[in-house]
Amino acid sequence: MLLDPPLPEVAFVGRSNVGKSSLLNALVGRRIAKISGTPGKTRALNVFLIPGSGEWGVGRSGSHRNEPLRTPHSLYFLDLPGYGYARAGKAQRAAFRGLVKHALRRERLRGVVWLLDIRHSLSADDQAMQDALADDETRVLAAITKGDKLSSGKRSTRERELREELALPEDQVVVTSAKTGEGIADLKEAIAGLISGVMQ
Ligand code: GDP
């Protein structure tokens, strides 16, 4: 699929129900414009054009939630279908793997935001995603979702455990909550880093 105009791309992946729609909404506010997607097809790839309009809206914590996402340059968010449906058939799983392979090899892909629920260890499907990301040497940001679901003690433990499982550099793992807005500004900054090529 060729996107016109050609712009940097960032893909979002995660298990179904991980909180991907909520996080995308928290990141981009209401300015998000869906430019493709096949109605009725649950396994389609959705593309959002994020218009560039100056600096990133990092803002003070607490105020950023209602700010639109502002990027120095326009870009596309590629929203891949959630994976790991218990009832997904063989053909559906194969189609998903094909879609991931295609997305990871796109020429303008700057990196992937990989969502993981703070409450769960990596599932077999998550591990398959981890392998796919490693195979293609994709730059990855892990967005840990639903940080507000745990008490602070439990949260710190889970964060540490997940960081160990993921084995990613510290600044490539961000704990977020679409509900409280926690970590959203940090994630925006990290995505800006992906696009500008700061992150190696
Ligand atoms: P998706 O299937 O990955 O797009 O997930 P959704 O964004 O639809 O979220 C799945 C469920 O998790 C919904 O019931 C959301 O309200 C809930 N959810 C998503 N993000 C958060 C969060 O940050 N905190 C809490 N408490 N619930 C969340």
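In region 174-196, the condition of being touching a strand residue (DSSP E or B) at 6+ places or on another chain (Cβ under 9 Å), over 22 Å from residue 26 (Cβ atoms) and at pLDDT below 95 is met by no residue.
Just checking, which of 56, 114 is surrounded by 15 or more Cβ atoms within 10 Å (Cβ to Cβ) and either modelled with pLDDT of 90 or more or closer than 22 Å to residue 17 by Cβ (or both)? Don't jump to the end; show me each part of the working.
Numbers: 56 fails: either modelled with pLDDT of 90 or more or closer than 22 Å to residue 17 by Cβ (or both).
Matching residue, one of 56, 114: 114.
Quick one: how many residues across region 9-18 are more than 10 Å from the chain's Cα centre (by Cα) and either surrounded by 20 or more Cβ atoms within 10 Å (Cβ to Cβ) or without any contact (Cβ under 8 Å) to a residue 40 or more places away in the chain (or both)? Don't jump to the end; show me each part of the working.
At the first step, the residues of region 9-18 found to be more than 10 Å from the chain's Cα centre (by Cα) are 9, 15-18.
Checking which are either surrounded by 20 or more Cβ atoms within 10 Å (Cβ to Cβ) or without any contact (Cβ under 8 Å) to a residue 40 or more places away in the chain (or both) leaves us with 9, 15, 18.
Summing the residues that are more than 10 Å from the chain's Cα centre (by Cα) and either surrounded by 20 or more Cβ atoms within 10 Å (Cβ to Cβ) or without any contact (Cβ under 8 Å) to a residue 40 or more places away in the chain (or both) in region 9-18 gives 3.
Quick check, is residue 162 within 17 Å of the chain's Cα centre (by Cα) and either within 13 Å of the ligand (Cβ to nearest atom) or not in a helix (DSSP H, G or I) (or both)? Please lay out each step first, then the result.
Details: within 17 Å of the chain's Cα centre (by Cα): yes; either within 13 Å of the ligand (Cβ to nearest atom) or not in a helix (DSSP H, G or I) (or both): no.
When the stated conditions are applied, residue 162 does not pass them.
Within region 148-158, is even one residue buried (at least 21 other Cβ atoms within 10 Å of the Cβ), within 16 Å of the ligand (Cβ to nearest atom) and either β-branched (Val, Ile, Thr) or assigned to a loop (DSSP other than H, G, I, E, B) (or both)? Checked region 148-158: no residue is buried (at least 21 other Cβ atoms within 10 Å of the Cβ), within 16 Å of the ligand (Cβ to nearest atom) and either β-branched (Val, Ile, Thr) or assigned to a loop (DSSP other than H, G, I, E, B) (or both). Every condition in (1) at pLDDT 90 or above; (2) part of a helix (DSSP H, G or I); (3) surrounded by fewer than 15 Cβ atoms within 10 Å (Cβ to Cβ) is met by residue 107 except one, and the failing one is (2).
Screening region 178-196 for residues that are surrounded by 21 or more Cβ atoms within 10 Å (Cβ to Cβ) and assigned to a loop (DSSP other than H, G, I, E, B) and picking the one that is nearest to the ligand (Cβ to nearest atom) gives 178. Filtering region 73-104 to residues that are within 16 Å of the ligand (Cβ to nearest atom) and either in a loop (DSSP other than H, G, I, E, B) or aromatic (Phe, Trp, Tyr) (or both) leaves 77, 80, 81, 82, 83, 84, 85, 86, 87, 88, 96.
When region 6-46 is filtered for residues that are modelled with pLDDT of 90 or more and away from the ligand (no atom under 16 Å from the Cβ), the ones remaining, listed by number, are 6, 7, 8, 9, 10.
The values are calculated or read from the model by the stated rules, or taken from the named source; none is laboratory data. Worth saying up front: this structure is predicted, and the values here are computed from it rather than measured. Cβ sites come from the backbone with ideal geometry, for glycine too, and all protein chains shown count toward neighbours.
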